[in-house]
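Q: Could you have a look at this structure, given as structure tokens, before my questions?
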Amino acid sequence: MRLSISRISKAYSGHTIFEDCSWVVDREGVYVVMGPNGSGKSTLLRICALLEKPDCGEVAYFSGNKRLTEAISLKRRMTLVFPQVGIFNATVFDNIAYGLKIRGAGKQEIEEKTSAMLGLARLTEKRNQCALSLSSGEKQRLGIARALVIEPEVLFLDEPTASIDEMNARLIEEIILDKKKSGMRIIMSTHDQMQAERLADQILLIKNRKLEEIKG
Amino acid sequence: MNSVVVSFNQALSLILHLDRELLSIILLSLRVSGSALFIAAAVGVPLAALMAFGRFSLRGLCVSLLDTLMGLPPVVVGLFVYLLLSRSGPLGFLALLYTPSAMIIAQTILALPIVASLSHSAIVSVDPVIAQAASTLGATPSQISMAVIREARYGIMSGIMAAFGRVMAEVGAILIVGGNIAGFTRVMTTTIALETDKGNFEFALALGIILLAISMAINLALNVIRRKGGTERQR
């Protein structure tokens with residue numbers, strides 16, 4: 001699945017966040033968007049994940065040469081994890097299994113895939129614990145596991161390691177690298193230049209309302 | 001003072017010996033209020049969801065109206081249902097006046113705004129990140145609504161329990177539409193009023209004790225629900 005954004009602009013209350021930005025993601029790998037606070041990193045991710053529309057320009061997904069329509073089936077092929085994960089008042093297992101349940105997955109499939117994700121996020125021991133009782137780092141790992149369980153073709157991560165400790169940040173980086181190896185397209189934002197260097201195949205910077213490639 | 005002690009002892013004796021009349025009155029009370037609550041919850045929770053998620057004009061007015069109806073005086077509801085069900089009223093042909101069904105209708109009208117209004121408050125208080133999380137995971141609009149309602153479950157249960165407390169303790173409306181007919185429409189609150197008038201304090205006291213116990217149980221359940229919802233949220 002290829003993502004193409006073409007000449008998009010976005011403004012809030014008359015204040016332009018970015019304008020005339022274009023970008024294509026056509027290979028698997030990790031794409032990192034950087035920029036100062038308020039530069040529009042999160043907005044760009046939300047627009048790419050079809051959760052928000054640009055004021056002008058176009059966001060399109062293609063499979064080969066065929067353009068995919070913005071139906072729920074397309075949205076289900078990608079997911080975005082916010083810094084505020086949005087934990088459900090349920091067990092860790094039920095939180096991770098949510099995406100499978102709403103897709104009508106069978107019991108066995110839910111059990112197998114969710115257990116695998118619990119292992120990947122190192123949350124197996126907390127399987128039956130109320131997810132709200134997890135630490136910030138564990139919640140972030142849960143958010144990523146919950147996103148990965150649905151096997152998205154494109155995974156968006158909005159500052160996945162902001163405000164968590166180094167150990168959890170390392171665990172999350174390991175998960176990102178693991179998924180990169182398995183051929184996933186991961187588009188993430190971060191403030192951490194070193195992290196971007198460690199993970200990224202391509203780094204983009206939002207500067208002066210434009211999108212610039214600084215590594216690729 | 002001595003007569004109070006004697007009446008109290010006799011009341012306890014009636015409870016301990018599971019007096020048949022006492023039991024039938026308690027069961028009818030639970031049946032009427034339970035049925036009213038069931039209907040109010042079945043209608044009130046979806047109504048709350050509609051007002052929370054629906055986008056229609058006059059939504060704000062509907063919410064305000066429900067909030068206002070929470071304080072409906074029971075006697076006014078009783079009068080309204082009486083006029084509806086009386087022989088010359090629009091629903092007189094149903095011949096429901098002075099039956100448990102009429103009492104259920106009156107109590108449903110009292111419980112519905114409480115359930116709907118408190119459920120609505122619980123649903124709109126859910127952190128928007130929950131809907132956002134469900135949406136990013138590919139949930140359809142109805143699945144997003146269900147995820148939010150599930151998050152609001154403790155608040156919704158609190159609303160249902162609060163409505164149950166209100167209808168169980170209510171006397172005005174069911175006295176008007178039920179008629180307090182012995183063995184047919186006589187419930188705990190109406191019996192307490194009647195037996196006190198007659199000077200039959202031990203029977204009234206026995207029912208009073210049971211009613212208090214039910215109220216305490218409801219409050220206890222409410223506290224457990226609130227604590228459970230609250231502590232899980234705070235973790």
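Q: In segment A:136-216, what is the volume of the convex hull around the alpha carbon atoms, normalised per residue and reported in Å³?
A: Taking the convex hull of the Cα positions in segment A:136-216, it is 99 Å³ per residue.
Q: Hey, for a label at B:Val43 modelled as a point 7 Å past Cα toward Cβ, could you say which residues of segment B:92-112 have their backbone N under 17 Å away?
A: Hits in segment B:92-112 for B:Val43 at 17 Å: B:92, B:94, B:96-97, B:100-112.
Q: Short version: what are the Cα gyration tensor semi-axes of the protein assembly as shown, square root of 5 times each eigenvalue, largest first, in whole Å?
A: 60, 25, 17
Q: Taking segment A:26-133, which trypsin sites (Lys or Arg not before Pro) meet the DSSP loop condition and have no more than 11 other C-beta atoms within 10 Å?
A: A:Arg27
Q: Turning to a different aspect of this structure: Using alpha carbons only, how many degrees (0 to 90, rounded to 10) separate the axis of helix B:153-169 from the longest principal axis of chain B?
A: Roughly 20 degrees, rounded to the nearest 10.
Q: Between the helical axis of A:136-148 and the dominant principal axis of chain A, each derived from Cα atoms, what acute angle in degrees is found, rounded to the nearest 10?
A: Helix A:136-148 sits at roughly 80 degrees to that axis.
Q: When all C-alpha to C-alpha distances in segment B:2-234 are sorted into bins of 5 Å, what percent of pairs does each bin hold, rounded to whole numbers?
A: Spelled out bin by bin, segment B:2-234 gives 1, 7, 12, 15, 15, 14, 11, 9, 7, 5, 3, 1, 0, 0, 0 percent.
Q: Place a point 7 Å from Cα of B:Arg227 in the direction of its Cβ. Which residues in segment B:141-166 have their backbone N less than 17 Å from it?
A: B:154-155, B:158
Q: If you don't mind, another one. Please report the antiparallel percentage of DSSP beta bridges with both residues in chain A, rounded to the nearest 5.
A: On the way: 22 of 40 bridges.
Roughly 55 percent of the DSSP beta bridges within chain A come out antiparallel.
Q: I've got another one for you. Springs between alpha-carbon atoms under 10 Å, Gaussian network over chain B: tell me which of B:Val167, B:Val126, B:Val177 tops the mean-square fluctuations.
A: The residue that fluctuates most here is B:Val126.
Q: If you don't mind, there's one more thing I want to ask. If each residue's Cβ is checked for other Cβ atoms within 10 Å, how do A:Met167, B:Met157, A:Met188, B:Met70 rank with the fewest at the top?
A: Ranking A:Met167, B:Met157, A:Met188, B:Met70 by Cβ neighbours within 10 Å, fewest first, gives A:Met167, B:Met70, B:Met157, A:Met188.
Q: Let me ask something else. How large is the helix-only mean residue ellipticity at 222 nm for chain A, computed as the sum of -39500 (n - 2.57) over DSSP H runs with n ≥ 4, divided by its residue count, in deg cm²/dmol to the nearest 500?
A: The helix-only estimate for chain A comes to -10000 deg cm²/dmol at 222 nm.
Q: Moving on. Is it possible to state the helix-based mean residue ellipticity at 222 nm for chain B, with each DSSP H run of 4+ residues giving -39500 (n - 2.57), the sum divided by total residues, to the nearest 500 deg cm²/dmol? What is it?
A: Result for chain B: -26500 deg cm²/dmol, rounded to the nearest 500.
Q: A further question on this structure: If eta is 1.567 mPa s and T is 4 °C, what Stokes-Einstein diffusion coefficient results for chain A, Kirkwood Rh from Cα pairs, in µm²/s?
A: 73 µm²/s
Q: With the crude spin-label approximation of a point 7 Å out along Cα→Cβ, what separation in nm comes out for A:Met1 versus A:Lys101?
A: Using points 7 Å along Cα→Cβ, the separation is 2.3 nm.
Q: Still on this structure: For segment B:1-73, state the semi-axes of the equivalent ellipsoid (square roots of 5 times the eigenvalues of the alpha-carbon gyration tensor), sorted largest first and rounded to whole angstrom. Mind dumping the intermediate values first?
A: Working: eigenvalues 395, 52, 11 Å².
Working through the eigenvalues yields semi-axes of 44, 16, 7 Å.
Q: Wrap a convex hull around the Cα atoms of segment B:120-235, take a quarter of its surface area, and give that in square nanometres.
A: 9.9 nm²
Q: Of all DSSP beta bridges located in the protein assembly as shown, what percent are antiparallel, nearest 5?
A: 55 percent
Q: Quote to one decimal, in nm, the extra length available between A:Leu68 and A:Val24 on full extension: 0.36 nm per residue of separation minus the C-alpha distance between them. Don't skip to the end; give the middle numbers.
A: Numbers: separation 44, 0.36 × 44 = 15.84 nm, distance 1.51 nm.
14.3 nm is the gain from fully extending A:Leu68 to A:Val24.
Q: Taking the Cα centre of the protein assembly as shown as origin, work out the dipole magnitude from +1 charges on Lys and Arg Cβ and -1 charges on Asp and Glu Cβ, in debye rounded to 20.
A: I would put it at about 660 debye.
Q: On to the next question. In percent, what relative contact order does chain B have, based on Cα pairs under 8 Å that are 6 or more apart in sequence?
A: That works out to 29 percent.
Q: Among B:Asn200, B:Thr136, B:Tyr154, pick out the residue whose Cα is farthest towards the positive end of the charge dipole of chain B, where Lys and Arg carry +1 and Asp and Glu carry -1 on C-beta, about the Cα centre.
A: Projecting each Cα onto the dipole axis, the largest value belongs to B:Thr136.
Q: Now for a separate question. Suppose every K and R has +1 on its Cβ and every D and E has -1 on its Cβ; what is the size of the dipole of segment B:2-234 about the Cα centre, in Debye to the nearest 20?
A: For this selection, approximately 480 debye.
Q: Report the full-extension gain for the segment B:Leu69 to B:Ala95: residue separation times 0.36 nm, less the Cα-Cα distance, to one decimal in nm.
A: Numbers: separation 26, 0.36 × 26 = 9.36 nm, distance 2.68 nm.
Fully extending the segment from B:Leu69 to B:Ala95 adds 6.7 nm.
Q: Moving on. With the Cα gyration tensor of segment A:1-70 in hand, give its eigenvalues times 5 under a square root as the equivalent ellipsoid semi-axes, listed largest first in whole angstrom. Could the numbers behind the result be given before it?
A: Working: eigenvalues 95, 41, 17 Å².
For segment A:1-70, the ellipsoid semi-axes come out as 22, 14, 9 Å.
Q: Let me ask something else. Taking the Cα atoms only, what angle lies between the long axis of helix A:107-120 and the longest principal axis of chain A, rounded to 10 degrees?
A: It is inclined by approximately 70 degrees.
None of the figures in this text is laboratory data; all of them are computed from the coordinates on show. Note that the structure is predicted; figures quoted are calculated from it, not measured. As a convention, Cβ positions derive from the backbone with ideal geometry for all residues, glycine included, and neighbour counts pool all protein chains shown.
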